[in-house]
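Please treat every number below as a calculation from the coordinates, not as lab data. Given the structure is predicted, the values throughout are model-derived calculations rather than measurements. As a convention, Cβ positions derive from the backbone with ideal geometry for all residues, glycine included, and neighbour counts pool all protein chains shown.
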Amino acid sequence: MFNIIFVQYIQCLIAPIYDIISLEVVQMETKNTPAKIAANNRYTAKNYDRINLAVPKGQKSAIERCATEHGQSVNAYIKEAIAEKMEREGNTPE
């Protein structure tokens, strides 16, 4: 009797872990197809301008850390900083 209860207890502990592992496997199998990637790239090229930003060595990790601390991506963090500076200077970001 004790063995059955113990086995059921272990199964209850392992089941959530197994579900997480199974979910990760399913997510890994459903990567974007080449057609989806191409469609995303066309959309991005049509709707966004790109700016290549160079910063001194070591500053990239500091920017990444600050962005993470504020719950933002690096892109969002930099865009917000630019918009704030433009507003202070009397320019309105489009």
Check your understanding: So which residues in segment 59-77 are touching a helix residue (DSSP H, G or I) at 6+ places or on another chain (Cβ under 8 Å) and among the aliphatic types (A, V, I, L, M), if there are any at all?
Key -> Ile63, Ala67, Val74, Ala76
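Rundown of residues vs (1) without any contact (Cβ under 8 Å) to a residue 12 or more places away in the chain; (2) part of a helix (DSSP H, G or I); (3) within 15 Å of the chain's Cα centre (by Cα); (4) at positive phi, yes/no style:
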residue	(1), (2), (3), (4)
Asp49	yes, no, no, no
Leu53	no, no, no, no
Arg65	yes, yes, yes, no
Ile82	yes, yes, no, no
Glu87	yes, yes, no, no
Thr92	yes, no, no, no
